[in-house]
Structures are given as C-alpha cells and as structure tokens.
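For reference, the structure discussed in these notes is given below.
The values are calculated or read from the model by the stated rules, or taken from the named source; none is laboratory data. Worth saying up front: this structure is predicted, and the values here are computed from it rather than measured. Note that we place each Cβ from the backbone using ideal geometry, even for glycine, and neighbour counts take in every protein chain shown.
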C-alpha cells in the first residue's frame, strides 16, 4: 500500500474527501517527525509506540574496496506494535 492508497482508505472510512484525508495524514506525519526529532515518544494505545534509539559509532567496511569506514553515531526510529495491532495481524 502506498500513500495514495492509504489516503483513499482513510477517506472512505472516516467519511472525508481525499484532500481532507491527505491533509490529516500529512499532519500526522509532521507531528510524528517533529516529536521524534525533539527526542520524544508517541504512544498510541493499542496501535503502538514510536520512539528513537541511539546507535553508537562504529567502524564499518567499504564492500567495494575493503577499506575501513568510520560510521558516526546516529538516532534510529523504532516502532513497537501494540497489543490490538498484534492481535489484528495474527487473526486466522
């Protein structure tokens, strides 16, 4: 599913126009990004939790040349699925 497909499903399920659903999705993306950029956590009970985790610097290897490469520390986005989402995905 791509963004246009998601907007269409949101519009159908929330009785919105596609333009309204697209704006709502854009606002959600902005809110998540801004919160994570500031080091915050977003908990949506039943759906899941978005947070960042620190990744330490390490020495990698250039696959083409075999030369060592210093990879700087960074933050990674982590999503942990909530109970309701896990149950929904695992329905038989």
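Descriptive notes on the structure:
- Test: residue 23 is on the phi < 0 side of the Ramachandran plot, surrounded by 13 or more Cβ atoms within 10 Å (Cβ to Cβ) and modelled with pLDDT of 95 or more: yes
- Residue within the stretch 53-60 that is assigned to a loop (DSSP other than H, G, I, E, B), at pLDDT 95 or above and over 16 Å from the mean Cα position of the chain (by Cα) present: yes
- Test result for residue 7, surrounded by 13 or more Cβ atoms within 10 Å (Cβ to Cβ) and in contact with a helix residue (DSSP H, G or I) (Cβ under 6 Å, 6 or more places away or on another chain): yes
- When residues of the stretch 62-78 are limited to those that are surrounded by 11 or more Cβ atoms within 10 Å (Cβ to Cβ) and free of Cβ contacts under 8 Å to residues at least 40 places away in the same chain, the one nearest to the chain's Cα centre (by Cα): 78
- One residue from 46, 40 being surrounded by 10 or more Cβ atoms within 10 Å (Cβ to Cβ), part of a loop (DSSP other than H, G, I, E, B) and in contact with a helix residue (DSSP H, G or I) (Cβ under 8 Å, 6 or more places away or on another chain): 46
- Number of positions in the stretch 10-33 that are farther than 22 Å from residue 50 by Cα and assigned to a helix (DSSP H, G or I): 7
- Checked against (1) in contact with a strand residue (DSSP E or B) (Cβ under 9 Å, 6 or more places away or on another chain); (2) at pLDDT 95 or above; (3) assigned to a loop (DSSP other than H, G, I, E, B), residue 69 passes all but a single condition, namely (3).
- Condition met for residue 52 (in contact with a strand residue (DSSP E or B) (Cβ under 9 Å, 6 or more places away or on another chain) and within 26 Å of residue 89 (Cα to Cα)): yes
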